2 protein chains.
Amino acid sequence: MSPARPGLFVTLEGGEGAGKSTAAAGLAEIFRAEGLEVILTREPGGTPGAEAIRALLLGDVPLDPLAQTMLHFAARADHVESVLRPALARGAVVICDRYYDSTMAYQSYGQGVSIEAVAALIRLVNLHPDITFLLDLPPQLAEARLRSRAAGSDRYEAMGHDFMARVAHGFQSIAAAAPGRIAIIDASQSPEAVVAAMRETIRTRARR
Amino acid sequence: MSPARPGLFVTLEGGEGAGKSTAAAGLAEIFRAEGLEVILTREPGGTPGAEAIRALLLGDVPLDPLAQTMLHFAARADHVESVLRPALARGAVVICDRYYDSTMAYQSYGQGVSIEAVAALIRLVNLHPDITFLLDLPPQLAEARLRSRAAGSDRYEAMGHDFMARVAHGFQSIAAAAPGRIAIIDASQSPEAVVAAMRETIRTRARR
């Protein structure tokens, strides 16, 4: 951790049904029990402006894929400047359910927006996680988990099997390209085992 | 005009009260009278998605300046891909009331977002006007015109005199840097004279 940013920025990534929200909440609980300030948040969202943008993204208005990508980064810029940077500056642990790897996986690998466009937007926001967990789950297991949920249909879940396969391939490619930042976690384990694996990885990699 | 883009893309820029909307409508009328297909549009807006983003931008939810910038470009990307590119491809004259120079003037010069950030977003959208008119009006005249309107208060107009001065300086700097694309029009003339000056400039510069 550089002195300019004493906090710890952890992001969780993966497809629908991988258990990100549960794992993020469990990890937050552990850090809180250790006496640390924890900001548990999610994207798109985390500020009133970003939640308004989220509503637009999850709504019925048709939007070009590049426009959707820019909306994700608009929400992210608001979240980063209003919440994440201040929290990290005062030393908090920030745990964020989805971050820019999701935009790369869904909008580039899934919807065909160029990787260079998403990379340019990442450079504009310019806040990078200290560590990212990719919660990895075989597609059949993820689909079974999703089917057992109350119908959570949104723009993505409605996009079907091929789209989800491209997104899953995207996450694997992103993780392969950033092994120093992204740790792959077996999400077929129990929630407790997933959280324990994340906590141990943070100890090893981020010395925290 | 390249064979790949047979149409003509005209944008109008300038501060509030310069008469852009009236001038755009007048220019559209002239081209229609010449028998051409004309798309008269505005930014932010021009598609259902972009209008929803416009409502967010003009609303009361606080938004970081970089987030506002990205929202403008999200709306623009939707407008460009859904409306402008198809219209230009079939040979239409597109007349747009505000385009990316406004984002540069308001968000960079006015609100302090870096010029490089806006330039990066311009490169992502990658559709450039054939000709841009900067409707230039002395600040006192613009303020008098605004005062005579029914109170059109929005995020910008509420920002006051210093902000509007920075925006005006921004437009002048942008025009100075792109003399081949941007023509400055004296907006203190009558609406008819402004439209005639634009039509003549298009004839001279764009050979149309």
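In segment A:94-208, what is the volume of the convex hull around the alpha carbon atoms, normalised per residue and reported in Å³? Don't skip to the end; give the middle numbers.
Numbers: hull volume 13.9 nm³, N = 115.
So the per-residue Cα hull volume is 121 Å³.
For B:P86, place a label point 7 Å from Cα along the Cα-to-Cβ direction in every copy; what are the distances to the other copies, in nm, shortest first?
For B:P86, the inter-copy label distances come out at 4.3 nm.
For the protein assembly as shown, what is the calculated [θ] at 222 nm in deg cm²/dmol (nearest 500), taking -39500 (n - 2.57) for each run of four or more DSSP H residues and dividing by its residue count?
Details: 18 runs with 208 residues, N = 416.
Per the formula, -15500 deg cm²/dmol.
State, to one decimal in nm and shortest first, how far the label point of B:H169 sits from each corresponding label point in the other identical copies (label point: 7 angstrom along Cα-to-Cβ).
With the label placed 7 Å along Cα→Cβ, B:H169 yields 5.2 nm.
For segment B:36-175, state what percent of all Cα-Cα pairs lands in each successive 5 Å bin, counting from 0 Å until the bin that includes the largest distance.
Going from the shortest bin to the longest, the percentages are 2, 9, 18, 22, 22, 16, 9, 3, 0.
Hey, got the dipole for the protein assembly as shown? About the Cα centre, +1 on K and R Cβ, -1 on D and E Cβ, debye to the nearest 20?
Working: 42 positive and 46 negative charges, 116 e Å.
For this selection, approximately 560 debye.
For segment B:26-84, state the average projected area of the convex hull of the C-alpha atoms over all orientations, rounded to one decimal in nm².
Values: hull surface 18.9 nm².
Dividing the Cα hull surface by four gives the mean projection, 4.7 nm².
Evaluate peptide B:59-66: per residue, the Cβ atoms of other protein chains within 10 Å of its Cβ; return the mean as an integer. Before the final figure, lay out the partial values.
Numbers: counts 2, 1, 8, 5, 12, 10, 3, 10.
The per-residue average across the peptide is 6.
How far is A:R149 from itself in the other copies, in nm, if each label sits 7 Å out from Cα along the Cα-Cβ line, shortest first?
4.5
If the viscosity is 0.890 mPa s and the temperature 25 °C, what translational diffusion coefficient in µm²/s does Stokes-Einstein give for the protein assembly as shown when Rh comes from Kirkwood over Cα pairs?
Details: Rh = 23.3 Å.
Calculated translational D: 105 µm²/s.
With every protein chain present, what accessible area does A:D60 have (1.4 Å probe, heavy atoms only), rounded to the nearest 10 Å²?
For A:D60, solvent-accessible area is about 150 Å².
Assign unit charges at the C-beta atoms only (+1 for Lys and Arg, -1 for Asp and Glu), then state the dipole size of segment A:8-205 relative to its Cα centre in Debye, rounded to the nearest 20. Before the final figure, lay out each step's value.
Working: 18 positive and 23 negative charges, 55 e Å.
Magnitude of the dipole: close to 260 debye.
The values are calculated or read from the model by the stated rules, or taken from the named source; none is laboratory data. This structure is a prediction, so every number in the text was calculated from the model and none was measured. Reconstructed Cβ throughout: ideal geometry from the backbone, glycine too, with neighbour counts over all protein chains shown. Quick note on the areas: whole protein, heavy atoms, side chains included, nothing else; ligands and nucleic acids left out. Shrake-Rupley method; radii C 1.70, N 1.55, O 1.52, S 1.80 Å.
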